[in-house]
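For reference, the structure discussed in these notes is given below.
The values are calculated or read from the model by the stated rules, or taken from the named source; none is laboratory data. Keep in mind it's a predicted model, so treat the numbers as computed, not measured. All Cβ positions, glycine included, derive from the backbone under ideal geometry; neighbour counts span all protein chains shown. Accessible surface is based on the protein model in full, side chains and every heavy atom, while ligands, DNA and RNA are left aside. Shrake-Rupley method; radii C 1.70, N 1.55, O 1.52, S 1.80 Å.
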Amino acid sequence: MNNLADNQTRPKSSAMSLKFKNLFKNPEMFTLIGFIILMAIMSFGSDQFLTASNLTNVLRQVSIVGILAVGMTFVILIGGIDLSVGSVMALTGTMMAGMMINFSLPPILAILIGIAIGVLIGYITGSLVAYARIPAIIVTLAMMEIARGAGLLYTGGYPLSGLPGNFSVIGRGYVFGIIPVPVLIMAVVFLIAYIILNHLPFGRYIYAIGGNEEAVRLSGVKVKKYKIMVYVISGITASISGMILVSRLMSGQPNAGEGYELSAIAAVVLGGTSIAGGRGHIGGTLLGALLMGVLSNGLNLMGVSSYVQMVLTGIIIIGAIYFSSKKTVD
Amino acid sequence: MSETILEVKNIRKEFPGVVALNDVSFKIKRGEVHALVGENGAGKSTLMKLLSGVYTPTSGEIIYEGKKVEFNDPKDAQLKGISIIHQEFSLIPHLNGIENIFLGRELKKWSTVLDKRLMKSKAIDLLDQLNAKIDPTHLVSRLSVANQQFIEIAKAISIETKVLIFDEPTASLTGKDIDKLFELIARLKAQGVTVIYISHHLDEISQICDSLTCLRDGEWIDTKKVSEVTKQDIIKMMVGREVINAFPEKLKVQNSEENWLLNVKKLSNNHIKNISFHLNKGEILGIAGVVGAGRTETVRALIGADPTKEKEVYINDKRVSINSPTQALEHGISLIPESRKTQGLVLGMTVAKNITLPNLKVLQSKMRLIDRKKELVIVNNSIKDLRIKTPSANQQVKFLSGGNQQKVVLAKWLNTDCKVLIFDEPTRGIDIGAKEEIYKIMRDLTKKGISIIMISSELPEILGMSDRVLVMYKGEIKAELAGEEATQEKVMYYATGGVDNE
């Protein structure tokens, strides 16, 4: 008797709990919930937080790390890592500044040269990873040093100033008077990344390589080529961030962006992308970046010291990963 | 002491979207060798994982030594006396035999320092007890598969084990090693250990098992004494129908130079020496040999997956250069690899995404985006044609059974337009029903003019499917046998190092 009743009720309840469980299988859900809770706390903590001007401000602050995190998402999805993005950002930024200041090149040309350098660095990194089979963490650690050193060499260690006034539009300007230009650029970068990852064969290959590289290779896919392309993309996003930063500061700072690679990795991981590769979503990365931005902005408004903020950020990263990994194991 | 050592009662296990086991109940007697049979996906492995503490049941009870038990994890089950020898061993390759045997339960002096001498002598004792002549100080990665299995068994019996589960233990072993394993199982039985033995090989079951339990589609079918059933009975229990003829009829294939599709000359690298052979249009060419004879190495070298020292490949009499799997695919040559999990599939991706992986270019719209609708049509056709059992095209491949995973790998390549398909152990670890289906698919492909190279360690399969057979030994082709010439005895003779006396 007991058994029979049990059998009848089981399918229904298990289907419902299954649906519920599946919802929570998405690590991004945790980021989203965390984000909402954080927004709520911040709006209670400070009445300036939930204002249009402050939220726009948050978005603008997030844009540089957000764009870096897009490239980082690609790299982490294939099971790699790119520690060089902060340095590459500084190098390409100072190169852009140098081109405009020392050679009086028009901004658009200077920007293209900067991005070309980002592409070149990504290409070298990718080739060393794909062909020489040196672990990504080593190659990009070395590239971090090389790019940083190159930037310092180029500027002699001093910031470059005297940029043409109209260049500031990129970092400080607004579209339609309300949307900051960096936010618009970030949106475009995320949109392109979304299309690549979800609708192009290249994106499919990225997930597949992160899942099982040998199976993809035996499927006739040019794995090495796509690996290199992924590092090139990371180089491009780093140089776009470099461009925004230089325009924002109106000077080429060879020391800029130290530690940004770690913020970018944190955003990606907070967004639910598996550090082992193969799983994750670009939307999660956006959430991860926003979460970190809201955190630091809200705490600033509440007058919490930046030292405390760093400790809190660390705790939140560990906490988020702990909970999401706990709930996503099957 | 009661006669029953282990009993499962109304066991049910669910995974997302799948019921792996439903209301399974049966008893295992103390000291017997109990076979567990069933097609792939029948729920055998899931059941064993429940018994060894890897999974916990959704509902139902496990009664062990007369008491209801719940295992928290595999270690808990081990300490209570139930160990499992997995199909894929759980040894650590960079540690030696001793370190592996005592991993997690190291013996210590003064409870701090490792007592290496004691562990070594105990390891040697254990291996002696198994009658295995292995030096336990060697790194595990340098031992043969068979010897690795012995280390694994030694590890299991180093704790007091009452029930030892073998999951497809002979899958990666060859003749002599299998005999050794059977001797060992007999010895364990004599010592009073209860053995649960999972296998697809019915010969093995009648050879060493006392009773058997059959599962089908997650349900218990029957538990019988082995002496009371015939092989036909077992097959009937497994598939629910009679098996009449496993191999589809062969076609007449012309073996002459005009009909050559592929001609390979002087293929050489570190593993193989001067391999030359040809492949006719619409032919199935079998490559036989023992494990390690260089069969997989040959085909990997052919498609450019591994580097070669020398290599000449002609397709339709035209010299082509194939230096990567990509180029092989461009020339219409595809390899369906030996190991589905490590080489054939991206386990975390969906059925659909795996199937279209080699063929995404065809699915691109004008905007170069992937046409999802077209993709779904192709994938659903494959699922229907190959009868892949999956809740949907969007199920992750890792949740499918072995036979269905293999069909997904097949579907990958059937959707590309290839002329030469290379199958490396196409039916390894697959049940009889799925085997027959795969044989039929292969034969149908040759009717469409596709040529097949098939590597297999199963003699009946080699002889039943191949139009010609190449026999390899130690990296060389030792014989080419066609038609009547190809007999079990001849193939075995050359495969084990026999030479021509002509």
For B:Lys266, solvent-accessible area (1.4 Å; no DNA, RNA or ligand), Å²: 80
Per Stokes-Einstein, at 10 °C and 1.306 mPa s, what whole-number D in µm² s⁻¹ belongs to the stretch B:4-239, with the Kirkwood radius over Cα pairs as the hydrodynamic radius? 86
With +1 at each Lys and Arg Cβ and -1 at each Asp and Glu Cβ, the charge dipole magnitude of the protein assembly as shown around its Cα centre, to the nearest 20 debye, comes out at 1560
Output field shielding_mean for B:406-418 (other chain Cβ, 10 Å radius) holds 1
Just need log10 I(q)/I(0) for chain B at q = 0.08, 0.10, 0.11 Å⁻¹, Debye formula, equal scatterers on the alpha-carbon atoms, no solvent, rounded to two decimals. -0.56, -0.87, -1.04
If r is the Cβ-Cβ distance from B:Ser339 to A:Arg172 and R0 is 45 Å, what FRET efficiency results, to the nearest 0.05? 0.20
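Quantify how strongly other chains surround peptide A:188-201 by giving the mean number of their Cβ atoms within 10 Å of each of its Cβ atoms.
2
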At 1.4 Å probe size, with the rest of the protein present, what percent of the exposed accessible area of chain B is carbon and sulfur atoms? 49
Of A:Ile265, A:Val308, A:Gly98, which is farthest towards the positive pole of chain A's charge dipole, taken about the Cα centre with +1 and -1 on the beta-carbons of Lys, Arg and Asp, Glu respectively? A:Ile265
Equivalent ellipsoid semi-axes - Cα gyration tensor, the stretch B:382-474, angstrom: 24, 16, 11
One finds the C-alpha centres of the stretch B:66-125 and the stretch B:441-464 to be spaced, in Å, by 43
Quote the accessible area belonging to A:Leu301 in square angstrom, nearest 10, computed with a 1.4 Å probe and with ligands, DNA and RNA left uncounted. 60
Hydrodynamic radius (Kirkwood) for the stretch A:201-279, which is based on Cα pairs only, to one decimal in Å: 14.6
Quick check: net charge around B:Glu65, other residues with Cβ under 12 Å of its Cβ, Lys/Arg +1 and Asp/Glu -1? +3
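For the stretch A:32-165, how big is the tail of P(r) above 23 Å, as a whole percent of Cα pairs?
50
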Excluding ligands, DNA and RNA, what is the accessible area buried between chains B and A, summed over both sides, using a 1.4 Å probe, to the nearest 100 Å²? 2500
Helix-only [θ] at 222 nm, chain B, -39500 (n - 2.57) per DSSP H run of 4+, per residue, nearest 500, equals -9000 deg cm²/dmol
In percent, what relative contact order does the stretch B:4-239 have, based on Cα pairs under 8 Å that are 6 or more apart in sequence? 28
What is the pair-distance distribution P(r) of the stretch B:257-495, computed from all Cα-Cα distances in 10 Å bins starting at 0, with each bin given as a whole percent? 8, 32, 36, 19, 5, 0
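If you rank B:Arg30, A:Arg172 by how much accessible surface each has, with a 1.4 Å probe, what is the order from largest down?
Details: B:Arg30 75, A:Arg172 125 Å².
Ranked from most to least accessible, the order is A:Arg172, B:Arg30.
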The correct ranking of B:Arg428, A:Arg60 by accessible area at 1.4 Å, largest first, is B:Arg428, A:Arg60
Mean projected area in nm² (Cα convex hull; one quarter of hull surface) for the protein assembly as shown: 43.9
Contact order relative to length of the stretch B:257-495, as percent, for alpha carbon pairs under 8 angstrom and 6 or more apart: 28
Taking Rh as the Kirkwood radius computed over alpha-carbon pairs of the stretch B:51-94 and applying Stokes-Einstein at 25 °C with viscosity 0.890 mPa s, one gets a diffusion coefficient in µm² s⁻¹ of 211
Any chance you could look up the accessible area of B:Lys440 with a 1.4 Å probe, heavy atoms only, rounded to 10 Å²? 110
Inter-chain shielding of B:340-349 (mean C-beta neighbours from other protein chains, 10 Å cut-off): 6
Hey, what's chain B come to in accessible area per residue, 1.4 Å probe, Å²? 46
Straight-line reach from B:Lys366: which aspartates and glutamates have a Cα under 16 Å away, not including same-chain ones fewer than 8 places off? B:Glu375
Say the cut-off is 25 Å between C-alpha atoms; which of B:Lys120/B:Lys176; A:Lys227/B:Lys273; B:Lys9/B:Lys389; B:Lys384/B:Lys447; B:Lys373/B:Lys447; B:Lys236/B:Lys435 go over it? B:Lys120/B:Lys176; A:Lys227/B:Lys273; B:Lys9/B:Lys389; B:Lys373/B:Lys447
Residue (of B:Thr194, B:Ala246, B:Leu262) at the positive-pole extreme of the stretch B:183-268, dipole from beta-carbon charges: B:Leu262
Which residues, if any, in the stretch A:209-241 have at least 20 Å² less accessible area in the whole protein complex than in the isolated chain, probe 1.4 Å? A:Asn212, A:Glu214, A:Ala215, A:Arg217, A:Leu218, A:Ser219, A:Gly220, A:Lys222
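Run the numbers on the stretch B:328-451 and let me know its relative contact order in percent, using alpha-carbon pairs under 8 Å that are six or more apart.
Normalised by residue count, the contact order of the stretch B:328-451 is 37 percent.
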Cα-based shape type of the stretch A:28-328, given that a ≥ b ≥ c are square roots of the gyration tensor eigenvalues and the cut on a/c is 1.5: oblate
Expressed as a whole percentage, what fraction of the accessible surface of the stretch A:28-328 belongs to carbon and sulfur atoms when a 1.4 Å probe is rolled over the protein heavy atoms? 71
For B:Ser457, B:Ser227, B:Ser268, write out the residues from largest to smallest accessible area, computed with a 1.4 angstrom probe and no ligands counted. B:Ser227, B:Ser457, B:Ser268
Translational diffusion of the stretch B:284-398, µm² s⁻¹ [Kirkwood Rh, Cα pairs; Stokes-Einstein; 37 °C; 0.692 mPa s]: 197
One checks the Cα atoms of the stretch B:1-83 and finds Rg and Dmax, in Å, of 12.4, 41
